[in-house]
Every structure is written in structure tokens, then in C-alpha cells.
Amino acid sequence: MEKTQEKYNWDLTDLFKDKNEFENAITNMKQDLEEIQKYKGMLCDNSNNLYECYNLYEKILMNFEKIYSYGMFSYHLDMGNQEGIKLFKEVENISSEFNVAISFITPEIISSDENIIKKFLKDDIRLNKYERDINDALEKKKHILSKEAENIIASYSEIFSAPENIFDVLTNAEFKFGTLVDENKNTVELTDATYSKYLKSSSIDVRKQAFELMYKKYSEYINTITEMYLSNVKKTVVTSKLRKYKSSLEKATTNDDSTIKVYETLMQGVNDSLNINHEFVSMKKKLLNLNEVHMYDLYVNPFEKTQDEISFEEAKMQVKEALSILGEDYNKILNEAFENRWIDVFEKKNKRGGAYSSGVYGVHPFVLMSFTGNKRDVSTIAHELGHSIHSYYSNKNQNIINSDYTIMTAEVASTVNELLLSEYQIKNEKDNRKKAELIYELLEMIRATFYRQSMFAEFEKEVHEKIENNQMLSSEDLNNLYYKLNQKYFGNDIIIDEQIKYEWARIPHFYSDFYVYKYATGIASAICIATKILNNENGYIQKYIDMLSQGCTKKSVDLLKMVDVDLEDPDTYKIITNFYKNKIDELNKLININMLNG
């Protein structure tokens with residue numbers, strides 16, 4: 001069976017051949033952290049000190065990234081393994097040491113005469129590759145604290161991550177959701193990884209069981225999770241105030257190389273087009289031929305006769321063929337990812353849920369997923385490899401300091417891949433029912449990525465604003481806020497089940513403040529980009545790859561302008577809402593609504 005084969009598992013020896021090499025790397029890094037201290041207090045005395053310090057910092061960062069990744073990956077493969085837990089705690093301690101040791105760099109730059117620093121940059125050509133980072137420090141000068149304060153904050157980095165870490169352990173390693181009876185009358189265990197599979201079941205009873213089991217567990221721990229989440233929000237709010245930002249949203253968008261205007265323009269664009277989302281929800285009700293539609297019915301595809309199983313090898317071939325349009329170089333990297341164990345493919349006991357891609361500079365990206373044979377998993381592969389190849393291009397063309405692009409541009413690369421896969425599948429499908437099924441899946445992706453993630457973003461914005469205004473919030477307050485947003489976003493043709501009020505509590509991205517809005521801006525950008533790629537616009541693919549290769553050498557908003565996307569322009573969001581509406585119309589033209597009864 002394919003899932004037992006080694007080629008479907010990560011090869012962590014790409015990072016370190018053995019534990020001894022890992023420990024030696026830690027020893028060497030700690031020595032370098034001691035060495036870098038000699039620049040403290042004299043970093044900006046001359047350009048040579050500035051260069052030598054940054055050069056050493058670059059070396060330390062490359063080593064640290066490998067060390068931390070090794071610990072994190074080992075832990076995520078089995079979050080119940082005590083050795084893995086201890087290893088992860090070890091690298092978290094090292095992360096704190098690292099942050100403390102280098103915390104003097106930015107404060108010393110900003111406390112120096114800006115004209116002198118600018119002269120160093122102009123006169124010393126060796127500093128060119130660090131110019132963006134140094135200029136960023138100067139731009140954010142008013143938000144950087146004293147060396148002593150920065151050191152204190154760095155010392156608390158492990159404590160600051162506690163709410164997220166506790167949430168991960170609780171929901172991934174300790175939550176047991178119980179069993180349900182599937183379509184074949186088999187009693188099966190519900191897991192976070194299989195939840196979406198059962199929500200797409202053609203059986204109302206299976207969908208309802210999964211929905212109720214999931215939120216029964218979260219309701220039991222809702223007060224605990226509320227405390228964890230609000231602690232995380234308060235940490236963000238306090239830190240933002242300490243750093244003299246007007247709000248936590250300003251801090252987040254600044255760190256994204258974005259703007260509050262991008263966030264607000266997105267929110268306005270979404271709210272102005274909620275009628276189109278309501279239209280799709282109403283269409284779902286008609287297609288499902290149900291007297292009433294519940295929240296657990298949202299994910300089922302009415303055109304899907306059976307839950308088709310797909311092997312990983314079949315999924316891999318679909319992704320490769322769909323992305324062949326991106327050219328020979330892109331596809332060479334794609335093949336390398338598949339053939340050289342960049343992906344840990346299948347679900348395992350206590351393996352971290354969800355999926356991610358993590359680029360490791362000087363090695364290669366690593367993709368974690370839990371492939372269950374669901375067709376949606378094909379999109380997950382394309383999505384995560386979009387991140388991976390973005391990291392590959394960025395790492396290949398930039399130093400490690402400039403290679404770390406923001407999430408805003410990351411979500412573009414991943415979503416472009418999903419869209420190209422979807423359009424490829426639709427174009428090559430001859431059967432009208434299956435073509436309708438694929439168009440419906442694309443519509444569902446837009447609903448889930450643009451509208452649902454924007455709903456999350458609106459929830460986050462309101463919660464942070466309430467905390468900033470010193471309002472006391474309970475689990476009931478958060479539940480009610482989330483419930484009302486569901487009413488607004490989904491309209492009147494669906495029953496907003498009471499249990500959905502707990503859904504906010506299972507969203508891990510809420511522990512990375514103001515993360516989710518970038519999924520929505522990502523799909524808006526991706527639709528603009530994918531449309532141009534599919535139209536074979538002359539020179540556009542190279543323009544796109546050039547953008548992926550820039551890392552963070554430009555601000556995110558400016559990087560996207562390289563591929564003709566302006567996220568502060570309301571017309572950008574009209575492109576996606578028009579695309580959404582056109583796909584709804586295309587689906588209506590393709591099928592007769594009554595065909596489902598035949």
C-alpha cells in the first residue's frame with residue numbers, strides 16, 4: 001500500500017544526518033551567538049562593524065532555521081511522543097536565546113544618527129544585501145524600544161507563544177471527538193483531519209454527526225479556549241501599545257508590508273458583495289433539493305454522486321499537468337519536490353493536523369499534510385507546493401535575510417496554483433455533470449477563501465478593537481459575535497445552527513493575529529494573476545516568477561504591483577466578485593436544476 005512507502009515520508013536527514021550533527025549545530029550556533037555580542041555597543045561605530053555583524057547574523061540565522069525546523073518537524077510528526085515534545089521545547093529555548101542575543105541590532109541602528117547609517121549604505125558596497133533590512137529598521141524607528149526593553153521582550157518570546165502551543169497540544173494530541181457511523185454503516189473515529197471529509201458526505205446523517213461531535217467537544221472546552229485566545233489577543237494589544245502603534249491592526253499590517261487601507265478596502269469590497277454570496281448559498285439550497293439547509297450542508301457538492309477516492313500518485317499527476325502552463329523551470333522544481341521527499345503525505349497517529357509548507361534556507365521546503373484520498377487533497381497539494389516553489393525561488397535568488405517574504409505574497413503563490421488546477425480540471429472534463437461538480441468546487445473555494453476568511457478577519461478586527469477599548473469579553477460574547485457574523489455572511493436561505501457559534505474556537509490561525517485576511521487578499525490577487533496566465537499574456541509568466549524571486553526586497557503591496565495587482569484599489573475586489581458571479585452564471589447555464597432529481 002502506497003502510504004507505507006518511505007518515499008511518502010519526510011527525510012529529516014536532509015537537515016541533519018543524525019542527532020550528533022544536530023547537537024554540534026547547536027553548539028556552533030551558541031558559539032556564534034557569543035561572538036556576535038562583541039558588536040554590542042559599537043555596531044554603528046563604522047561600516048565594517050555593521051557589515052561584519054550582519055554577516056555573522058546571516059550565518060547564525062541559517063543555522064538557527066535548520067535547528068528550529070528539525071525540532072518542530074520531529075514534534076509535528078508525532079505530537080504525543082515525549083522525546084519529540086522535549087526536542088521541540090529545546091529548540092524553543094534556543095529560539096529565546098537567539099532572539100535575546102540578536103535583540104541589540106535593531107535598537108542600535110535606530111539609536112544612531114540616520115545620516116551616518118545612510119552614508120555607510122552608500123559608501124560600503126558590501127552592505128547592499130542588507131540595505132532593505134537596515135532601512136526597515138530606520139522606517140520603524142518610532143516602534144523600536146530601548147535595548148533593555150527589546151531584550152526583555154525577547155526573553156518573554158517563549159511565554160508569548162504559550163497560548164498557541166497549549167491550543168495545539170489540546171486540540172491535536174488530547175481532543176478525542178468520538179465515533180460516528182459512516183455511509184457504509186461502519187463505526188469510525190472522527191479526527192480533525194477527517195472532519196472535512198465527513199462534512200462533504202452525501203448523507204445528511206453523516207454530516208450532522210460529524211458537525212455535532214466536533215462542536216460538542218469544543219463546547220466542553222469553550223471557556224478554556226476563550227482564556228487562551230483572549231490571552232493571545234491581550235498580548236498583541238499590549239505589545240502594540242508598547243511599540244507605539246495606534247492599534248494592533250496597524251502593527252500587523254505594517255509587519256505585512258501592507259496597510260490598514262488594504263484591510264479596510266477588502267472588508268468594504270466583501271460587504272458590498274455579500275448579496276452574491278447569498279445567491280450562491282440560495283443556489284446550494286435548490287441544488288441540494290432540501291426543505292432546509294444547515295451549516296453542516298455547506299460543504300457537500302450536490303453534483304458528486306460518490307465520494308471518489310484518488311490515490312496520491314493520481315493526485316500528483318493532476319497537479320503536474322495543471323501547472324505545466326507555468327513553464328519548464330517551474331515544473332522542474334515541482335518534480336524535485338515530488339521525487340525527493342519534500343512532502344510528508346499521510347495521516348499518522350498524533351501527527352499535527354492541517355497542512356503547511358515551511359521553507360528551510362539552504363536545504364529545501366518541507367510540506368506537511370494528511371492525505372486521505374479526498375479530491376480536495378489534490379488542491380491542498382497544489383496549494384502547499386505553491387508556497388514551496390515560492391520559497392525555492394526566493395531562497396535561490398536572495399540571501400536568507402531578504403528571502404523571508406510576507407504571508408500576504410505567500411498566499412498569492414499558493415492560490416494561483418489552486419486556480420490553475422481548477423481551471424485545468426474544468427477544461428478537460430467532458431462529462432457535464434462532473435464539469436458542474438468542478439465549477440461548484442471552484443465556487444466553493446472562492447466562498448471559503450474570500451468570504452469565509454473575510455468573516456474571520458471581521459471577527460478578529462472586532463475582538464481586538466473591543467480589547468483595545470478595555471471591554472471585558474466572555475466566551476458567550478465571542479460566541480454571539482461569531483454567530484451574528486455567520487447570519488450576515490450566509491443570508492436567510494440557510495439555518496444558522498447554534499453549534500456554529502463555537503467554530504471560532506477551532507481556528508488555529510487566530511493565534512497568529514490578523515493572518516486570515518491575507519487568504520482573502522491572496523485569492524483576489526491570484527484571480528487577477530491566474531487570469532492573465534491562462535490568457536497567455538505575453539511575458540507575464542516570467543513577470544510572475546520574477547515577483548516570486550524577490551523575497552522581501554520590496555514591500556508586499558509593491559511586489560504585487562509588479563504583476564499588476566493593486567490591493568488598495570476597490571476595483572481589484574470587483575474583479576473577484578465579478579469572477580464569482582460569472583461562475584455562478586456559468587454553472588446555471590451548464591445544468592438544469594432539476595437534473596438532480598433524474
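Coordinate-derived values only; no laboratory data. Note that the structure is a prediction, hence the values are computed from the model and not measured. Positions of Cβ are backbone-derived with ideal geometry, glycine not excepted, and every protein chain shown enters the neighbour counts.
Between the range 416-485 and the range 210-242, the C-alpha centres lie 20 angstrom from each other. Sequentially through the range 495-506, phi angles give Karplus couplings (6.51, -1.76, 1.60; θ = phi - 60°) of 7, 8, 4, 4, 5, 5, 5, 8, 4, 3, 6, 10 Hz, Gly and Pro residues having no value and appearing as x. Between amide H atoms placed 1.01 Å from N, distances below 5 Å from residue 80 occur with no residue 5 or more places distant or on a separate chain. Between the listed residues 82, 363, 584, the Cα displaced farthest toward the positive end of the dipole of the chain, a dipole computed from Cβ unit charges relative to the Cα centre, is found at 584. Using 0.36 nm per residue and subtracting the Cα-Cα separation, the extra length available between residue 276 and residue 562 on full extension is 100.0 nm. Length available on full extension from residue 238 to residue 376: 0.36 nm per residue minus the Cα-Cα distance, which gives 45.7 nm. For the modelled label position 7 Å from the Cα of residue 305 along Cα-to-Cβ, which residues of the range 400-432 have backbone nitrogen atoms closer than 14 Å? The answer is 430-432.
Please report the net charge: other residues with Cβ closer than 14 Å to the Cβ of residue 510, K and R +1, D and E -1.
Values: positive: 234, 235, 452, 461, 506, 518; negative: 164, 168, 227, 458, 460, 462, 503, 513.
Neighbour charge sum, excluding residue 510 itself: -2.
Computed from Cα positions, the angle between helix 432-446 and the longest principal axis of the chain comes to roughly 40 degrees.
Quickly estimate the mean residue ellipticity at 222 nm for the chain, helices only: each DSSP H run with n ≥ 4 gives -39500 (n - 2.57), and the total goes over all residues, rounded to 500.
On the way: 27 runs with 370 residues, N = 598.
It lands at -20000 deg cm²/dmol.
My understanding is that a pair violates if its Cα-Cα distance is over 22 Å; which of 235/466; 208/351; 332/554; 284/488 do that in this structure? From 235/466; 208/351; 332/554; 284/488, over 22 Å: 208/351; 332/554. Across all directions, the shadow cast by the convex hull of the range 2-160 built on its C-alpha atoms averages 11.5 square nanometres.
Close amide-amide hydrogen proximity is noted between residue 294 and 495, each under 5 Å apart and 5 or more residues distant or on a separate chain (H modeled in the peptide plane; Pro and chain starts excluded). Protection proxy ranking, highest mean first, for peptides 284-292, 516-524, 237-245, 535-543: 516-524, 237-245, 284-292, 535-543, where packing is the per-residue count of other beta-carbon atoms within 10 Å, averaged. Between residue 509 and residue 331, the simple spin-label model (points 7 angstrom out along Cα→Cβ) gives 3.1 nm.
Charge dipole of the range 2-160 (Cα centre as origin; +1 on each Lys and Arg Cβ, -1 on each Asp and Glu Cβ, all else neutral): 360 debye, rounded to the nearest 20. Sequence-ordered 3J(HN,Hα) estimates for the range 38-55 from the Karplus curve with 6.51, -1.76 and 1.60 and θ = phi - 60° stand at 5, 8, 5, x, 9, 4, 9, 5, 7, 5, 5, 4, 4, 5, 4, 5, 5, 5 Hz, glycine and proline given as x. Just want the answer: with Cβ charges of +1 for Lys and Arg and -1 for Asp and Glu, which residue in 565, 171, 379 is farthest toward the dipole's positive end in the chain? Final value for the positive-end residue is 565. With the simple spin-label model, which puts each label point 7 Å out from Cα in the Cβ direction, the residue 86 to residue 347 separation comes to 3.1 nm.
Excluding residue 95 itself, what net charge comes from residues whose Cβ is under 12 Å from its Cβ, given Lys and Arg +1 and Asp and Glu -1? Spelling it out: positives minus negatives among the neighbours equals -4. Packing, as the average of other Cβ atoms within 10 Å across residues, places the peptides 415-427, 338-350, 116-128 in the order 415-427, 338-350, 116-128, highest first. Between residue 11 and residue 181, what FRET efficiency follows from the Cβ-Cβ distance if R0 is 35 Å, with the result rounded to 0.05? Rounded to the nearest 0.05, the efficiency is 0.35. With both labels modelled 7 Å from their Cα along Cα-to-Cβ, the residue 146 to residue 582 distance reads 5.9 nm.
For residue 292 and residue 35, the difference between the fully extended length at 0.36 nm per residue and the C-alpha to C-alpha distance is 85.8 nm.
The residue among 451, 507, 415 whose Cα reaches farthest toward the positive pole of the charge dipole of the chain, with charges on the beta-carbon of Lys, Arg, Asp and Glu, is 451. Summarising the strand pairing of the chain, around 60 percent of its internal DSSP beta bridges are antiparallel. For the chain, the dipole from Cβ point charges (+1 on Lys and Arg, -1 on Asp and Glu) about the Cα centre works out to 720 debye, to the nearest 20. For residue 179, the residues whose amide H sits under 5 Å from its own are 190, ignoring neighbours fewer than 5 places away on the same chain, with H placed 1.01 Å from N.
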